[in-house]
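K.L.:
My structure is below; once you've seen it, I'll send some questions.
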Amino acid sequence: QVQLVESGGGLVQAGDSLRLSCAASGRTFSNTFMAWFRQAPGKEREFVGFITRGGSTTYYADSVKGRFTICRDNAKNTMYLQMNSLKPEDTALYYCAARRTGSYTSDEAGFCSWGRGTQVTVSS
């Protein structure tokens, strides 16, 4: 399994931007579908976005569409989440996840590797 480490979280104000990174170990990153999820206090983990192996196609939750962008650099084994126009409701622990087979899914059960998360806190 690929090992994942998120970074880039922090405390920002509403309207600010933040970029998260997800660094992956191993030589199979380019063959891996990747996604971001988040979990707010007292809530279930929810899907944020998904990117295909080559990075040509992305999918987003309605709540972040138009504000968040996912991209990846397979040469660096890294995926990114650019978050703009942040809102207090974006406050959560953000996780990256990897999926080796299949295709697009927003179901966390479809992902076999997870990072430990990076905290994003947006103040009003």
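K.L.:
So is SER85 surrounded by fewer than 22 Cβ atoms within 10 Å (Cβ to Cβ), more than 19 Å from VAL122 (Cα to Cα) and over 15 Å from the mean Cα position of the chain (by Cα) or not?
P.N.:
no
K.L.:
So, SER21, is that one hydroxyl-bearing (Ser, Thr, Tyr) and at pLDDT below 95 or not?
P.N.:
So SER21 fails the test.
K.L.:
Going through the range 1-24 one residue at a time, which ones are part of a loop (DSSP other than H, G, I, E, B) and either among the acidic types (Asp, Glu) or open to solvent by less than 30 Å² (accessible area, probe 1.4 Å) (or both)?
P.N.:
If the condition is that a residue be part of a loop (DSSP other than H, G, I, E, B) and either among the acidic types (Asp, Glu) or open to solvent by less than 30 Å² (accessible area, probe 1.4 Å) (or both), then VAL2, ASP16 are the ones that fit.
K.L.:
Return the residues of the range 25-51 that are in contact with a strand residue (DSSP E or B) (Cβ under 6 Å, 6 or more places away or on another chain) and in a loop (DSSP other than H, G, I, E, B); say none if nothing qualifies.
P.N.:
Across the range 25-51, the qualifying residues are THR32, ALA40, ARG45.
K.L.:
Only one of VAL48, VAL64 is farther than 15 Å from GLY8 by Cα, at pLDDT 95 or above, open to solvent by less than 60 Å² (accessible area, probe 1.4 Å) and more than 10 Å from the chain's Cα centre (by Cα); which?
P.N.:
Answer to the check: VAL64.
K.L.:
Given TYR80, TYR59, which one is touching a strand residue (DSSP E or B) at 6+ places or on another chain (Cβ under 8 Å), open to solvent by 70 Å² or more (accessible area, probe 1.4 Å) and touching a residue at least 24 places away in the same chain (Cβ under 8 Å)?
P.N.:
Step by step, each of TYR80, TYR59 is checked, and only TYR59 is touching a strand residue (DSSP E or B) at 6+ places or on another chain (Cβ under 8 Å), open to solvent by 70 Å² or more (accessible area, probe 1.4 Å) and touching a residue at least 24 places away in the same chain (Cβ under 8 Å).
K.L.:
Moving on. Those residues that are within 18 Å of ARG72 (Cβ to Cβ), open to solvent by 20 Å² or more (accessible area, probe 1.4 Å) and assigned to a strand (DSSP E or B), I need them from the range 91-117; list them, please.
P.N.:
TYR95, ARG99, TRP114
K.L.:
If you don't mind, there's one more thing I want to ask. Considering the range 67-80 alone, what residues qualify as being in a strand (DSSP E or B) and either basic (Lys, Arg) or modelled with pLDDT under 95 (or both)?
P.N.:
Across the range 67-80, the qualifying residue is only ARG72.
K.L.:
Are any residues in the range 67-77 among the charged types (D, E, K, R) and surrounded by fewer than 16 Cβ atoms within 10 Å (Cβ to Cβ), and if so, which ones?
P.N.:
The answer is ARG67, ASP73, LYS76.
The values are calculated or read from the model by the stated rules, or taken from the named source; none is laboratory data. From a predicted model like this one, the values you see are computed outputs, not experimental measurements. In this analysis, Cβ positions are derived from the backbone assuming ideal geometry, glycine residues included, and neighbour counts consider all displayed protein chains. With ligands, DNA and RNA removed, areas are computed over all heavy atoms of the protein, side chains included. Shrake-Rupley method; radii C 1.70, N 1.55, O 1.52, S 1.80 Å.
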